[in-house]
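Below you'll find the structure, written out as structure tokens, and then a few comments.
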Amino acid sequence: MFLQIPAIFRRNQVTPAVQISEFGRSVWVYHENPNPVNMNNDYQRSVSLRASRRAERNNQSQQNEDVEGEFFSPGKWSQDYPMKIIWRRGFLRLVLVGGILWMFLILTVLMFHVWSCQSSLAFLSAMCNRGSRVLIMLDTMGLVPKPPHRCLIPVANDPDKILIPKRRTPSKVVEQLTYITEDVVGNNGSSLPPLFGGHQSWLQRDESFELKLSMKVHCGFMRGGGAEMAPKDIRYAKNCRFVVASGIFDGYDTPHQPSDVSPRSQKLFCFLMVVDEISIDFIKKNVTVREDKDGGQWVGIWRLIVLKNPPYDEPRRNGKVPKILMHRLFPQAQYSIWIDGKMELMVDPLLILERYLWRGKHTFAIAQHKHHRSIYEEADANKRRKRYARPLIDLHMKIYRYEGMEAWSPMKNTVSDVPEGAIIIREHTALNDLFSCLWFNEVNLFTPRDQLSFGYVVYRLGGVFKFFMFPNCEYNSLFVLHPHTREHSSKVEWVKSLDEFKGNNTDLKESRGGLGLWTPYPGNLSSVVLPAVSRTSKAG
């Protein structure tokens, strides 16, 4: 340190400025001293005071650093540094290993859950239940994958290279199936008007589920019950071995032309659109209908098949006739694909048969419902959507519950009890035809909601009826869904209690369908409690 004292004098006897150079830094200090003689003494005291204060600050700063951060203390650095580095590395390793173990545990639980869903053991497969704590936990963590709306269908590439089976699949359970065609006389001895589905008794219904090699059952088309085809359409259908069928009733849709149909499929398949007389008039007003030399009516690739004298009051129930009773309407068909009238087919029908029947050696295929697996969940959704009278749906489900129909669970041998009924792919074997008859009889006796009856008939057949229920995402890839031309509505859909059917409101009752809901049931339904449902869809 050195001092430079310039000779600066003022009238008020201000001490000269002092430039203090310390480590290359210059500071000018002025002292007001009336006595210039004592200037050097004052300056020395000022420098001494500043030096002592600086030393105190340095000591205090050093003490604070030692107290607050001994790790960075120069004195402690050489001694504590190895231990603290080891401690820090050990803590980081502990956190890293803990995180890895936690993720491994989550993945292990997830893989075990997925494996248990496919297990044949009831205890393990029960973990797939929607209410299981494992599934809820995984879903909360976002580890349960959501099913895609559409997915790729593993169909063959070339329809021309597909080999068609030369023989029908043999049926070992039912070899011969015939049908009751004459309606019975009423219980009081008086003759009742014939109905399309017949007056099936509760005893006849139970006997129809008892499998035998030779069976005779109710299966619609009672003589004088309606749903007659024109002779020209009957002659045309006799030549149809492969059928793609659809239906339009009460003018709710117009025909949609299939896409990507190969020339081979155009020659092999009959595309039959079943309509009632109201719909044929509606179609003629909205699209072009051409007529061939034999009087057949066509809309593009579709041959229109008119059913005269609709058998039911409810258009939705009329639509179940071609949908379920394909083997009765077109008895020469060996393979059939049913699609709803609002659907536009996007896949070659020959590829569909190869994918869903021949490849897996199946004879009946239907899509899984997107949301529901239990018929009681589906019934709840139908009530919320007002698809039919709520008290009649409840009565329908109480009968099934009384007869032992349990809610779906992973312990069952079926993927689901509820299908997506807009598509049915089948080979017309004797057992499949029997299943279709029994399914239709349930629709005829109870509500027209066929999805409520499918799982029940499977249950009553005791696992003998085998079918392939494919994922819903494939179903959505087969079609383009078009809206109806208008909304369907009927008075019965808004009924909230059975009392509304009494008195002067008898017009709410269907006169030719659903008679099982008004015929006294032989069992006591008063104590039946329907299973609780978990609402998995936003219906209603």
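The values are calculated or read from the model by the stated rules, or taken from the named source; none is laboratory data. None of these values were measured; they are calculated from a predicted model. Positions of Cβ are backbone-derived with ideal geometry, glycine not excepted, and every protein chain shown enters the neighbour counts. What goes into the accessible areas is simple: the full protein's heavy atoms, side chains included, and nothing from ligands, DNA or RNA. Shrake-Rupley method; radii C 1.70, N 1.55, O 1.52, S 1.80 Å.
Taking the options Val261, Val274, name whichever one is at pLDDT 95 or above and either open to solvent by 20 Å² or more (accessible area, probe 1.4 Å) or over 18 Å from Lys342 (Cα atoms) (or both). Please lay out each step first, then the result.
On the way: Val274 fails: either open to solvent by 20 Å² or more (accessible area, probe 1.4 Å) or over 18 Å from Lys342 (Cα atoms) (or both).
Of the residues listed, the single one that is at pLDDT 95 or above and either open to solvent by 20 Å² or more (accessible area, probe 1.4 Å) or over 18 Å from Lys342 (Cα atoms) (or both) is Val261.
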Long-range neighbours under 8 Å by Cβ, at least six apart or interchain, first residue surrounded by 10 or more Cβ atoms within 10 Å (Cβ to Cβ) within segment 82-105, second assigned to a helix (DSSP H, G or I): Lys84/Phe71
Options Ser453, Ser537: the member that is surrounded by 13 or more Cβ atoms within 10 Å (Cβ to Cβ), assigned to a helix (DSSP H, G or I), among the small types (Gly, Ala, Ser) and within 28 Å of the chain's Cα centre (by Cα): Ser453
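Any chance you could count how many residues in segment 250-293 are more than 18 Å from Leu481 (Cβ to Cβ) and touching a helix residue (DSSP H, G or I) at 6+ places or on another chain (Cβ under 6 Å)? Give the derivation first.
Residues of segment 250-293 that are more than 18 Å from Leu481 (Cβ to Cβ), as a first pass: 250-251, 261-272, 274-293.
Filter once more, so that each one left must be touching a helix residue (DSSP H, G or I) at 6+ places or on another chain (Cβ under 6 Å): 250-251, 262, 264-265, 269, 274.
Total meeting the criteria: 7.
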Flag if Gly513 is open to solvent by less than 100 Å² (accessible area, probe 1.4 Å) and at pLDDT 85 or above: yes
Residues of segment 293-307 satisfying the condition of being of a type outside the set (A, V, I, L, M, F, W, C), open to solvent by less than 40 Å² (accessible area, probe 1.4 Å) and in contact (Cβ under 8 Å) with a residue 40 or more places away in the chain: Gly295, Gly296, Arg303
Residues of segment 311-353 that turn out to be part of a helix (DSSP H, G or I) and of a type in the set (A, V, I, L, M, F, W, C), as a count: 8
Those strands (runs of 3 or more DSSP E) lying entirely in segment 240-310 with at least 3 residues within 29 Å of Glu354 (Cβ to Cβ): 242-248, 269-276, 302-308
Segment 429-450, subset in contact with a Ser or Thr (Cβ under 7 Å, 6 or more places away or on another chain) and open to solvent by 10 Å² or more (accessible area, probe 1.4 Å), residue farthest from His199 (Cα to Cα): Thr429
Qualifying positions in segment 465-510 - modelled with pLDDT under 90 and of a type in the set (Phe, Trp, Tyr): Trp494, Phe501
